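What follows is one structure encoded as structure tokens, with my remarks underneath.
The values are calculated or read from the model by the stated rules, or taken from the named source; none is laboratory data. Note that the structure is a prediction, hence the values are computed from the model and not measured. Cβ placement follows ideal geometry from the backbone for every residue including glycine, while neighbour counts extend to all protein chains displayed. We work out accessible area using only protein heavy atoms, side chains counted, and drop any ligands, DNA or RNA first. Shrake-Rupley method; radii C 1.70, N 1.55, O 1.52, S 1.80 Å.
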Amino acid sequence: ETGVTQSPTHLIKTRGQQVTLRCSSQSGHNTVSWYQQALGQGPQFIFQYYREEENGRGNFPPRFSGLQFPNYSSELNVNALELDDSALYLCASSLVGGGPVKTQYFGPGTRLLVL
Amino acid sequence: GENVEQHPSTLSVQEGDSAVIKCTYSDSASNYFPWYKQELGKRPQLIIDIRSNVGEKKDQRIAVTLNKTAKHFSLHITETQPEDSAVYFCAASINQAGTALIFGKGTTLSVSS
């Protein structure tokens, strides 16, 4: 298992509400990427955080936002929840710096159900 | 936009046979190509990856090949075992660091004994 953890494991919300998901990166890692995985699909890149700043974003609306803290942990916030936001949310951490492309490792995910 | 296509969507083999999964990518700047295995209800686990300066990489029963000119990469599993049954995803990077990935839609591999 990787050292990447996520909380909570499961969450149920209603349409229009807001949600915050949390990710603790593997020790020594400075970059966190977030993905949304709908049932039966591959993960879709939402955005990534590097040194506390958003550093790349996929095709997701602004109601998906995030934060990265000085200890490199991260939050994903989703406002005005829609039914289609129901999915498994995965974070992945890696160490980015000088050198070759770095491997990223996934956390166990948070399963969000929007009713 | 960037896209990764993965085939086949399902693959059934007998134990001991080989399995091959193929992917194509659209972004010529992609430089990192990992493969993940995901069992039901679990996180994706990296099984092998290849960088754009390498054409082939092998790790025991698993191998990956990359053809940058054709924008193709493939996963080869030899001597399949029932525990290889899972969903396999290919991915291609869309940033220099390799931390933003575009995934294929997955291949469900079933290995029967």
Task: the stretch B:87-105 residues that are within 7 Å of another protein chain (Cβ to nearest Cβ), paired with ones that are open to solvent by 10 Å² or more (accessible area, probe 1.4 Å) and charged (D, E, K, R) (beta carbon under 7 Å, 6 or more apart) - done: B:A97/A:K102; B:G98/A:K102; B:T99/A:K102; B:I102/B:E2; B:G104/B:E5
- [ ] Tally the residues that are open to solvent by less than 70 Å² (accessible area, probe 1.4 Å) and modelled with pLDDT under 95, restricting the search to the stretch B:51-69.
- [x] 4
- [ ] Residues being part of a loop (DSSP other than H, G, I, E, B), without any contact (Cβ under 8 Å) to a residue 24 or more places away in the chain and within 16 Å of B:S93 (Cα to Cα): count how many of those fall in the stretch B:31-65.
- [x] 3
- [ ] Would you check if B:L46 is of a type outside the set (G, A, S), within 27 Å of A:G3 (Cβ to Cβ), within 8 Å of chain A (Cβ to nearest Cβ) and within 12 Å of the chain's Cα centre (by Cα)?
- [x] yes
TODO: Might you check whether a residue that is open to solvent by 40 Å² or more (accessible area, probe 1.4 Å) and within 13 Å of another protein chain (Cβ to nearest Cβ) occurs anywhere in the stretch B:17-38?
DONE: yes
Task: Every residue from the stretch B:83-105 that is small (G, A, S) and either at pLDDT 95 or above or open to solvent by 10 Å² or more (accessible area, probe 1.4 Å) (or both) - done: B:S85, B:A86, B:A91, B:A92, B:A97, B:G104
Task: Selection status of B:T108, in a strand (DSSP E or B), at pLDDT 95 or above, open to solvent by 40 Å² or more (accessible area, probe 1.4 Å) and within 14 Å of chain A (Cβ to nearest Cβ) - done: yes
Open item on the list: Against the definition (without any contact (Cβ under 8 Å) to a residue 40 or more places away in the chain, surrounded by fewer than 15 Cβ atoms within 10 Å (Cβ to Cβ) and within 25 Å of B:V4 (Cβ to Cβ)), how does A:P70 come out, yes or no?
Closed with: no
Task: Answer residue from the stretch B:66-96, given it is in contact with a strand residue (DSSP E or B) (Cβ under 7 Å, 6 or more places away or on another chain) and assigned to a loop (DSSP other than H, G, I, E, B) and is farthest from B:D17 (Cα to Cα) among those - done: B:N95
Task: Top-ranked residue of the stretch A:20-63 - restricted to ones that are hydrophobic (A, V, I, L, M, F, W, C) and either open to solvent by 10 Å² or more (accessible area, probe 1.4 Å) or more than 22 Å from B:Y36 (Cβ to Cβ) (or both), ranked as nearest to the other protein chains (Cβ to nearest Cβ) - done: A:F45
